[in-house]
Amino acid sequence: MYAAPSPASADLALYVHWPFCVAKCPYCDFNSHVRAHVDEQAWARALDADLAHEAALTPDRRLGSVFFGGGTPSLMAPETVAGVLAAAERHWGFAPGIEITLEANPSSVEAANFHALAAAGVNRVSLGLQALDDAALAFLGRVHTLGESLAALDVAQAAFRRVSIDLIYARPGQDEAAWEAELARALAFGTEHLSLYQLTIEPGTRFAAMAARGALAHPDPDLGAALFEATRAATAAAGRPAYEVSNHAAPGAESRHNLAYWRYRDYLGVGPGAHGRRGRAATTRHRKPENWLAAVARNGHGLAGEEPLDAATRTREALLMGLRLTDGVDLAAIADEADARVVDIVDEAAVARLAGHGLVARTGDRLVVSEGGILLLDAILAALVR
């Protein structure tokens, strides 16, 4: 359930960004960050300094989750991961059952590191399978094959207590029957968590360039809706119901770290390009690795900016994030944090109108977007949020 951000009793979430890639990436603009060699000792020292800066500003707090993301964090030396975790525990302390997640690509090179990363303290891996078909993987620009993916998944399930997999659907030529078969296969792997995303064409991406020259058709919205509904039905039947628009988990296996984002709690970001929300401010780190390192050496931290967030911005962000969740938001808690009234943060007439159409449900101060409304989430948010 929603908790107001920043109380001293709330656990913090920590995001550690490792920017380096080992191969050209079709999804991000980190191609300039491809490195054959990284001075991990220097990076570990800089990350420790960045952590210490954030810790000094968040006394008497503890960490509920740590997430290693970015370029190819699964190729970090296990000693570096262990060092970062030791520093984080020293600075804040860990909440019981802390979730420590690392993003990984399902390659044989990265899988070879899994057991050592688990020994370093990682207890959850998010594995980017993306597709269960070699042709689809090639289309998506992935360098791993399906065989490598499945072998890496086997290693991950042996190494880590908790495993999540990512898949992309609504790919060109994929009809409902094909996706249902692929999803059934994915559910049979038995992972506790699945992140299932529809293919979208974002400006500035390789897919946008392909669409512009006619090499890629824009997804059919009607087919996308049918696939979305089929996804939610299949995951629910398999005991992995949706708890957020694109995320599905067994009860109790929801991503503790991502819930901190969606519930608008404090999260700290360290490392190049990392974003955070601390207290009532948004933080950003220098994006280019060399600039971040220079800033840490100069200032003792990698901050590039720290922007106070006014009450209107905070309530809007809390609603936009929280209404993605199946259990919705507590309007009174959000309003209280902003010293406002519920009528100040949502359009009550719009709530009543949408509830009359079965698109949202209001029980006291709890507001939830209904199953029938999820496909219209963007329009609902635009109508509700002041």
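Can you tell me which residue within region 65-86, out of those that are modelled with pLDDT of 90 or more and of a type in the set (Val, Ile, Thr), is nearest to Asn258 (Cα to Cα)?
Let us first name the residues in region 65-86 that are modelled with pLDDT of 90 or more, namely 65-69, 77-86.
When the remaining residues are screened for being of a type in the set (Val, Ile, Thr), the result is 66, 80-81, 84.
Working: Val66: 10, Thr80: 23, Val81: 20, Val84: 20 Å.
Looking at residues that are modelled with pLDDT of 90 or more and of a type in the set (Val, Ile, Thr), I get Val66.
A quick yes/no check of all residues on (1) among the polar types (S, T, N, Q); (2) surrounded by 17 or more Cβ atoms within 10 Å (Cβ to Cβ); (3) part of a loop (DSSP other than H, G, I, E, B); (4) under 24 Å from the mean Cα position of the chain (by Cα):
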| site | (1), (2), (3), (4) |
| --- | --- |
| Gly204 | no, no, yes, yes |
| Ala208 | no, no, no, yes |
| Ala215 | no, no, yes, no |
| Pro219 | no, yes, yes, yes |
| Leu227 | no, yes, no, yes |
| Thr235 | yes, yes, no, yes |
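I want to confirm something. Restricting to region 169-194 and keeping residues that are in contact with a Ser or Thr (Cβ under 8 Å, 6 or more places away or on another chain) and not in a loop (DSSP other than H, G, I, E, B), which single residue is surrounded by the most Cβ atoms within 10 Å (Cβ to Cβ)? Don't jump to the end; show me each part of the working.
Taking region 169-194 first, the residues in contact with a Ser or Thr (Cβ under 8 Å, 6 or more places away or on another chain) are 169, 179, 183, 187, 191-194.
When the remaining residues are screened for being not in a loop (DSSP other than H, G, I, E, B), the result is 169, 179, 183, 187, 193-194.
Details: Tyr169: 23, Trp179: 21, Leu183: 22, Leu187: 18, His193: 22, Leu194: 25.
Result: Leu194.
For region 201-252, a residue qualifies if it is touching a helix residue (DSSP H, G or I) at 6+ places or on another chain (Cβ under 8 Å) and of a type in the set (Ser, Thr, Tyr), and the qualifying residues are Thr231, Thr235.
If the condition is being over 23 Å from Ile201 (Cβ atoms), charged (D, E, K, R) and either in contact with a Phe, Trp or Tyr (Cβ under 9 Å, 6 or more places away or on another chain) or without any contact (Cβ under 8 Å) to a residue 60 or more places away in the chain (or both), then region 115-163 contributes Arg124, Glu148, Asp154, Arg161. Per this entry, Val245 is counted among residues that are over 30 Å from Pro59 (Cα atoms) and either surrounded by fewer than 20 Cβ atoms within 10 Å (Cβ to Cβ) or aliphatic (A, V, I, L, M) (or both).
Residue by residue, here is whether (1) in the same structural domain as Thr191 (by TED's automatic domain parsing); (2) touching a Pro at 6+ places or on another chain (Cβ under 8 Å); (3) in contact (Cβ under 8 Å) with a residue 24 or more places away in the chain holds:
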position: Thr235; (1), (2), (3): yes, yes, yes
position: Arg240; (1), (2), (3): yes, no, yes
position: Glu254; (1), (2), (3): yes, no, yes
position: His257; (1), (2), (3): yes, no, yes
position: Gly269; (1), (2), (3): no, no, yes
position: Ala274; (1), (2), (3): no, no, yes
position: Arg277; (1), (2), (3): no, yes, yes
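Counting the residues of region 126-168 that are of a type in the set (A, V, I, L, M), modelled with pLDDT under 95 and not in a helix (DSSP H, G or I) gives 2. Scan region 108-125 for residues that are among the small types (Gly, Ala, Ser), in contact with a helix residue (DSSP H, G or I) (Cβ under 6 Å, 6 or more places away or on another chain) and over 12 Å from Phe160 (Cα atoms) and jot them down. The answer is Ser108, and nothing else. Checking the conditions here, which among Ala350, Ala335, Ala294, Ala304 is buried (at least 21 other Cβ atoms within 10 Å of the Cβ), of a type in the set (Gly, Ala, Ser) and not assigned by TED's automatic domain parsing to the domain that holds Gly70? Checking each option against the conditions leaves just Ala335. Taking each residue of region 313-330 that is in the same structural domain as Glu371 (by TED's automatic domain parsing) and looking for partners that are part of a helix (DSSP H, G or I) and surrounded by fewer than 17 Cβ atoms within 10 Å (Cβ to Cβ) with beta-carbon atoms closer than 6 Å, six or more apart or interchain, yields Leu320/Leu381. Region 37-119 holds helices (runs of 4 or more DSSP H) entirely within its bounds, and those carrying 2 or more residues that are surrounded by fewer than 18 Cβ atoms within 10 Å (Cβ to Cβ) and of a type in the set (Asp, Glu) map to 78-91.
When the criteria are applied in full, Glu182 fails the requirement of being more than 26 Å from Asn258 (Cα to Cα) and touching a residue at least 24 places away in the same chain (Cβ under 8 Å).
The values are calculated or read from the model by the stated rules, or taken from the named source; none is laboratory data. Only a predicted model underlies this, so the values are computations on that prediction, with no experimental measurement involved. Positions of Cβ are generated from backbone atoms using ideal geometry, with glycine treated the same way; all protein chains shown enter the neighbour counts.
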